[in-house]
Amino acid sequence: MQRPAPHIATSIMSRMSIFENTTRTQSLAEREADTMMSMSSSPPATPTGVQTDSEGLILPKKLINPCLENTDHRSLNRELKFNARIGKSVLNQKTELQRAYEKQKERHAAAELQHSPETELAGLKGELGRVIMERAQKHEAATQKQDAEEAEERQYVNPEYLNVRAKLRTANAPN
């Protein structure tokens with residue numbers, strides 16, 4: 001196609017260039033369709049970077065290990081190996097003797113807590129502890145007094161009365 005003369009307006013020139021571009025893309029699409037049709041008769045080509053064996057089968061690739069490629073993991077592994085080589089314990093800083101001593105201390109402390117009778121009031125100190133102790137003593141004295149009164153009342157009950165009452169209950173009980 002021939003280019004128009006330069007004295008034509010720029011708007012007309014831009015419209016003509018759009019038309020030319022669309023006709024070019026149409027011709028490219030037709031060419032690609034032709035190449036696809038010609039390729040369908042031949043076996044498909046293998047993508048680049050894929051290895052095949054003599055029978056045309058794709059060979060498996062070795063997977064990437066992200067831990068080995070990560071610089072943080074590699075530096076940490078290097079540091080652990082170095083500390084192991086010099087004999088420094090990174091993860092467990094205490095010796096076996098120190099750990100055994102701490103376990104024995106814990107057992108001894110637990111045994112002391114179980115054997116002391118004032119463990120409940122050990123945390124309470126000062127006036128609050130004293131007031132609680134006084135109220136507990138008053139409550140114990142009141143319950144002992146009630147128990148003593150009930151025991152006295154039981155003494156004065158006539159046993160003959162109880163026997164007659166029990167016989168009446170059995171006689172009037174619904175069967």
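Taken together, the values in this text are just the output of simple stated rules run on the coordinates, not laboratory data. Computed from a prediction, not measured in an experiment: that's the story for all the values here. When we count neighbours, we look across all protein chains shown, and the Cβ atoms used for this are built from the backbone with ideal geometry, even at glycine.
Data for the structure
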| quantity | calculated |
| --- | --- |
| Label-point separation in nm, TYR161 to GLN146, each point 7 Å along Cα→Cβ | 2.3 |
| Around VAL90: net Lys/Arg minus Asp/Glu count, Cβ-Cβ under 15 Å | +4 |
| Nearby lysines by direct alpha-carbon distance to LYS103 (threshold 24 angstrom, same-chain neighbours under 8 apart not counted) | LYS88, LYS94 |
